[in-house]
Amino acid sequence: MERTFLMVKPDGVQRGLIGRIISRLEDKGFKLVAAKPVQITQEQAKRHYAEHEGKPFFDNLVSFITSAPVFAMVWEGDEIVTLSRIVIGKTNVTEAQPGTIRGDYAAHTPSNLIHGSDSVESAEREIANFFEPHEILNYKKSTDTWI
Ligand code: RTP
Ligand code: MG
């Protein structure tokens, strides 16, 4: 079973969208296996966004993600890395389609509400940056065989 790291960004927490975002991911049929609110440190933010180091928006991105608490999560599902990014919608809010989280709730590109890992390798690295192995649960859900 594939895992991904999804994180409600500071704008989503401040706007009270944690519950609605979780509902959409549950509705899709994904399984929540870890979750906690986190105040990200500078070091943790730089590790998380290491792939963007050197890009013009990097400093703003680190400032934004450390500006207030985020809600960090690990979700499980078949092909969840690809599927969750479809549920999330495009990075640029002018391209995010209605029916996606960003398409329905985000109105400015840097504040696009939620992060999703872009590959299985990124997911492993990002999960390790936020969670200890014992914080990630392994359990059966009654819907497992129906999704
Ligand atoms: P994320 O990593 O947050 O899930 O978003 P993503 O894969 O859709 O987009 P990515 O290219 O990884 O960019 C990471 C975040 O950086 C901000 N960003 N700003 N041109 C810009 O000002 C710009 N480009 C990207 C966004 O917050 C984006 O989600
Ligand atoms: Mg990304």
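The values are calculated or read from the model by the stated rules, or taken from the named source; none is laboratory data. Since this is a predicted model, take the numbers as computed values, not measurements. Quick reminder, even Gly has a Cβ in these numbers, built from the backbone with ideal geometry, and neighbours come from all protein chains shown.
Whether any residue in the stretch 37-47 is away from ligand 2 (no atom under 16 Å from the Cβ) and under 14 Å from the mean Cα position of the chain (by Cα) is what I want to check. Among the residues of the stretch 37-47, at least one is away from ligand 2 (no atom under 16 Å from the Cβ) and under 14 Å from the mean Cα position of the chain (by Cα), which makes the answer yes. Name the single residue that is farthest from ligand 1 (Cβ to nearest atom) among those in the stretch 88-109 being surrounded by fewer than 21 Cβ atoms within 10 Å (Cβ to Cβ), part of a helix (DSSP H, G or I) and not aromatic (Phe, Trp, Tyr). My answer is Asp104. Within the bounds of the stretch 50-70, is there any residue that is within 10 Å of ligand 1 (Cβ to nearest atom), more than 25 Å from Ser23 (Cα to Cα) and among the acidic types (Asp, Glu)? Yes, the conditions are met somewhere in the stretch 50-70. What are the pairs with Cβ atoms under 6 angstrom where one residue, in the stretch 35-64, is touching a residue at least 24 places away in the same chain (Cβ under 8 Å) and the other, located anywhere, is in a helix (DSSP H, G or I) and β-branched (Val, Ile, Thr)? Sequence gap at least six, or different chains. Filtered contacts from the stretch 35-64: Ile40/Ile65.
Please verify whether the stretch 32-45 includes one or more residues that are in a helix (DSSP H, G or I), under 16 Å from Asn129 (Cβ atoms) and of a type outside the set (S, T, N, Q). Yes - at least one qualifying residue is present in the stretch 32-45.
Among the residues of the stretch 1-19, those that are part of a helix (DSSP H, G or I) and free of Cβ contacts under 8 Å to residues at least 60 places away in the same chain comprise Val13, Gln14, Ile18, Gly19. Counting the residues of the stretch 114-147 that are in contact (Cβ under 8 Å) with a residue 12 or more places away in the chain and either away from ligand 1 (no atom under 16 Å from the Cβ) or on the phi > 0 side of the Ramachandran plot (or both) gives 10.
For residues in the stretch 95-137 being modelled with pLDDT under 95 and away from ligand 2 (no atom under 15 Å from the Cβ), which is nearest to Tyr49 (Cα to Cα)? This residue is His108.
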